[in-house]
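The next block holds one structure in the form of C-alpha cells; read it before the comments.
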Amino acid sequence: MAWTQSANLNWLGNQHFAKGFYTEAYQCYSQALEVDRLNGDQRALATTLGNLGNICAVSGRGEQAQAYYVEVLELQKILGDDRGISTTLANLGNLCADAGAWDRAKAYYLEALDLMDSVADHAGKAVLLSDLGLVSKETGAYDQAMAYYQESLTYMRRAGNDEGQADVYRMMGRMYLGQGRYEEAQSCTLTSLDIARRLRDELRMGGAWYVLASCHEAKGEWEKAVHYLHKVVQVDEKYQLPKWGENTKRLQVLCDRLAQIHEASHGS
C-alpha cells in the first residue's frame, strides 16, 4: 500500500514537472519521500530522491540537488543498479556543467559513459555524448566537440529521439556561431528548427529562433535578427520563461538600431 502511495505521488509529481509546475512537483516528491522513509523500500526511495534531485536542479538549487543525487548513488550501489548509477553520475555531471566546473563534469560523464556501454543504454548514451560535446565546446576543443555531437546524432537516430536531434543540431549551431562560422551555424540551426516544427515543439522552435537571431545580428542583418528575436519573445511570454525581460530589452535595442538605419537611408 505504501509503495502504491509513493508511486502515485511520484507520478503526480512527474505530471506537474512536465508542465513546468515545479513547486507542485516538489511538494508531491517530498510527500513521497516521507512515505518511502517510513516504508524502507530502497528502490522506491531511490526513485523519489532522484526526482527531488531533478526538480532542485532545474529550479536552481544545485547544492540541494547534489545532496539528493549523492544519496541516490549510495542506494543504487547497494542495489547493484548500474543503469541507475550511470544516470545519477550524468546528473551530477550536469550540475558541475551548470556551475562551469567543466573538468569535474567531464569526469562524471566519462564514468557514466563506461556504465552505459556495459548495460547497452544507447538512449542514455546519445544524450551523454551531447553533454560531452558541450564540455569540449566550452573548453575550446571544437573538433572533439563536433565528434561527440556527430556520434550523439547517430545514437539519437537509432533511438528515434527526434527531440534530442533538434537539441544537438542547435548545440552545433551555437558552437559554429561562437566561432564566427555563420553559414554553418544557420544550416545546423535551420535543421533543428525543421525538426522542432515537425514535432510542433514551440520551446525548441524558440531555442532555434534565438540562435538564428544571433547569427543575423552578428552579420548586421538587422531585419532578420528582429524577425527571429520577436518570435523568441513571443515564446518567452507565452510560457513565462525567465529570459523574457532580457530578450525583450535586446529586441528593443535591435528595433532601435533598425529604425536608425532606416532614418539614415531615407535621409540620404
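What follows is calculated from the coordinates using simple rules that are stated; it is not laboratory data. Quantities reported herein were computed from a predicted structural model and do not represent experimental measurements. Counting neighbours? That spans all protein chains shown, and the Cβs are built from the backbone with ideal geometry, glycine included.
How would you classify region 60-176 from its alpha-carbon gyration tensor, with a ≥ b ≥ c the square roots of the eigenvalues: rounded for a/c under 1.5, else prolate if a/b is greater than b/c, otherwise oblate? Mind showing how you got there, number by number?
Numbers: a/c = 2.05, a/b = 1.34, b/c = 1.53.
The shape class here is oblate.
Take His16, His227 and order them by how many other Cβ atoms sit within 10 Å, fewest up front. Don't skip to the answer; put the middle values down first.
On the way: His16 18, His227 15.
Arranged by neighbour count, lowest to highest, His16, His227 become His227, His16.
Take Tyr239 and Tyr22, extend 7 Å from each Cα along the Cα→Cβ direction, and tell me the distance between the two endpoints in nm.
1.4 nm
List Ile85, Ile78, Ile55 from most exposed to least, where exposure is judged by having the fewest other Cβ atoms within 10 Å. Kindly include the intermediate steps, with their values, before the conclusion.
Working: Ile85 21, Ile78 10, Ile55 25.
Lowest count first: Ile78, Ile85, Ile55.
Can you give the Rg to Rh ratio of region 109-268, both from alpha-carbon atoms, with Rh computed by the Kirkwood formula?
Details: Rg = 17.9 Å, Rh = 16.9 Å.
Looking at region 109-268, the ratio lands at 1.06.
Taking 2.2 N^0.38 Å as the expected size of a compact globular protein, what ratio does the Cα radius of gyration of region 1-98 give against it, to two decimals? It would help to have the intermediate numbers written out before the result.
Values: Rg = 12.6 Å, N = 98, 2.2 N^0.38 = 12.6 Å.
Working it through for region 1-98, the quotient is 1.00.
As a test of the formula, what do you get for the chain when each DSSP H run with n ≥ 4 contributes -39,500 (n - 2.57) and the sum is divided by the residue count, at 222 nm and rounded to the nearest 500 deg cm²/dmol?
Numbers: 13 runs with 232 residues, N = 268.
The helix contribution divided over the chain gives -29500 deg cm²/dmol.
Positive end of the dipole of the chain, charges at C-beta (+1 Lys, Arg; -1 Asp, Glu), about the Cα centre: which of Tyr69, Leu258, Leu95 has its Cα farthest in that direction?
Leu258
Quick check: convex hull over the Cα atoms of the chain, volume per residue in Å³, rounded to an integer?
Numbers: hull volume 36.5 nm³, N = 268.
Considering the Cα atoms of the chain, their hull volume per residue is 136 Å³.
Assign one of three labels to region 52-95, namely rounded, prolate or oblate, based on the Cα gyration tensor with a ≥ b ≥ c the square roots of its eigenvalues; rounded applies when a/c is under 1.5, prolate when it is not and a/b is larger than b/c, and oblate otherwise. Don't jump to the answer; show the numbers that get you there.
Details: a/c = 2.79, a/b = 1.95, b/c = 1.43.
It comes out prolate by the Cα gyration axes.
How do 202-213, 241-252 rank on mean C-beta neighbours within 10 Å, highest first? Working shown, then result.
Details: 202-213: 22.6, 241-252: 14.8.
In descending order of packing, they fall as 202-213, 241-252.
Report, ordered by chain and residue number, the lysines lying within cross-link reach of Lys231, taken as a straight Cα distance under 24 Å and ignoring same-chain residues fewer than 8 apart.
Lys19, Lys219, Lys243, Lys249
Put a dot 7 Å past each Cα toward the Cβ at Lys224 and Ile78; how far apart are the dots in nm?
Using points 7 Å along Cα→Cβ, the separation is 5.8 nm.
If one takes the longest principal axis of the Cα atoms in the chain, at what angle in degrees, from 0 to 90 and to the nearest 10, does the Cα axis of helix 42-58 lie?
For 42-58 against the chain, the angle is about 20 degrees.
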